[in-house]
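Colleague: The structure under discussion is supplied below as C-alpha cells; questions concerning it will follow.
None of the figures in this text is laboratory data; all of them are computed from the coordinates on show. As the structure is a computational prediction, the values presented were derived from the model and not from experiment. Because the Cβ atoms are built from the backbone with ideal geometry, glycine has one as well, and the counts that use them run over all protein chains shown.
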C-alpha cells in the first residue's frame, strides 16, 4: 500500500512562507498543506488564492482545531516565536521553524527545552545545507579528497535593503545570512568550533538599526574560517574557497569545483537555484526522522551549535576579543 502524504500546517503566511508552499506543491506525493494561519486577512487570502489551501485561519487556536496534520512549519518572526512553539509542542505536534531558531542563544535553548519537555521533534530550516553545495563539500572532505583542510575563506557581499521588522532588529545581517553560513561551515567541516572572533558595524548607506556588515574568524581545531558579510557592498559576490592539502574547492550558488594537480572536476549540486526544493528537503529530514524514530539531522538541539556561533560572533564584537561558543547539552530523545 502506497504511503499517504504527510499532512502539514503553515504558521505565518509572510514572505518566507512562499518557499514552503512551493516546496510542498512540488511534492504532492510527499506532503499536503492541510491548513495555514496568519492574523492578517490579506495574507490569509494570498495563501488561499495562490496555493489553494482550503483551511486558512486567523489564530493558532483555530489551527489546532483543524484535523489531518501533525507537523507545523513556523514562519513567524523570531520575536513572536516562543508562544507558537509552546502551543504546538503542548498539542503534540512536530515543528520545523524558520532560521534563525532565535536571535540569541538562551531563547534558542529555551525553545529546544520546550519541545523536548513535550516529547515532540523540533527542527530548523537550515536550507542552505542543500541550496548551497555544502553537502558536496562535506562528502569530499569526509572522504579524504582534500586531505587535511588548511583553511576556508568565505565572502557574501551584496547591497541589500531589507523591509519591515528586520530593520528594527538589533541583530541584523549576521542573523539574516550569517546563520546560513555559520551552519554551513560546521556542517561542511564535520566538527564544532573552538573560538570565534567577530567585528560588526552598521553602514549609514542602509536603513537598519542593527549590523549591516561583519568580519568573523572561526577556529575549527587546526582549520580557520575567515568570513566577510556585507549588506552594504555595491559589488555582489558570494564564494567559498576551501583549501586542502590535496586540492582546493570553490563553492558558489551554481555549484562546486574541485581543483587539483590533475585539473578541475565539477561536483554534483542538484538543488542549484531551487530554494523551495531545499526547504522541502529540510522538512523531509524532519518527517523521515519522525517515521524512523530518530533525531533529525537538522534538529533544534543540533542547531544550538549554529546559534552558539552566531551568538559568539556578536559577543566577541561587543567584548573586542575572541570568545568560546556555548556548548549545548546532549539531546533528549522524544
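Colleague: Just the Cα atoms of region 195-250, one point each, no solvent: what log10 I(q)/I(0) does Debye give at q = 0.29 Å⁻¹?
Modeller: With one equal scatterer per Cα and no solvent, log10 I(q)/I(0) is -1.16.
Colleague: If the elastic network links every pair of Cα atoms under 10 Å, which of 84, 296, 222 fluctuates the most in the Gaussian network model of the chain?
Modeller: Taking springs between Cα atoms under 10 Å, the residue moving most is 222.
Colleague: For the chain, take the longest principal axis of its alpha carbons; what is the angle in degrees between that and the long axis of helix 275-292, to the nearest 10 within 0 to 90?
Modeller: The answer is roughly 70 degrees.
Colleague: For the chain, modelled as a Gaussian network with Cα springs under 10 Å, which listed residue fluctuates most, 40, 225, 216?
Modeller: Checking each option, the largest mean-square fluctuation is seen for 40.
Colleague: Compute the separation of the alpha-carbon centres of region 83-157 and region 25-64 and state it in Å as a whole number.
Modeller: 24 Å
Colleague: When the helix-only estimate is applied to the chain (DSSP H runs of n ≥ 4, each -39,500 (n - 2.57), divided by the residue count), what is the mean residue ellipticity at 222 nm, nearest 500 deg cm²/dmol?
Modeller: -10000 deg cm²/dmol
Colleague: Against the longest alpha carbon principal axis of the chain, how many degrees, from 0 to 90 and to the nearest 10, is the axis of helix 105-118 turned?
Modeller: 40 degrees
Colleague: If you don't mind, there's one more thing I want to ask. Taking the DSSP beta bridges in region 179-334 as the whole, what percent of them are antiparallel, to the nearest 5?
Modeller: Here the antiparallel bridges make up roughly 100 percent for region 179-334.
Colleague: Something else about it: Can you pull the Rg over Rh of region 175-273, Cα-only, Kirkwood?
Modeller: 1.00
Colleague: Based only on Cα atoms, what mean projected area does the convex hull of region 111-255 have, in nm²?
Modeller: So the Cα hull casts an average projection of 10.1 nm².
Colleague: DSSP beta bridges in the chain, what fraction antiparallel, as a percent rounded to 5?
Modeller: Of those bridges, close to 60 percent are antiparallel.
Colleague: What translational D, rounded to a whole number of µm²/s, comes out for region 80-188 from Stokes-Einstein when the hydrodynamic radius is the Kirkwood one over Cα pairs, at 20 °C and 1.002 mPa s?
Modeller: For these conditions, the coefficient is 133 µm²/s.
Colleague: Still on this structure, I have one more. In nm, give the distance between the simple-model label positions of residue 236 and residue 192, each being 7 Å from the Cα along the Cα-to-Cβ direction.
Modeller: Modelled inter-label distance: 3.8 nm.
Colleague: Counting only Cα, what are the radius of gyration and maximum Cα-Cα distance Dmax of the chain, in Å?
Modeller: 19.9, 62
Colleague: Kindly provide log₁₀ I(q)/I(0) values, in the same order as q = 0.09, 0.10, 0.13, 0.20 Å⁻¹, from the Debye equation applied to equal alpha-carbon scatterers of region 1-147.
Modeller: These q points yield log10 I(q)/I(0) values of -0.31, -0.38, -0.62, -1.23.
Colleague: Another question, then. Which residue fluctuates the most in the chain, going by a Gaussian network model with Cα springs under 10 Å, if the choices are 116, 262, 45?
Modeller: Answer for the Gaussian network model of the chain: 262.
Colleague: What is the mean projected area of the alpha carbon convex hull for region 1-59, to one decimal in square nanometres?
Modeller: 3.8 nm²
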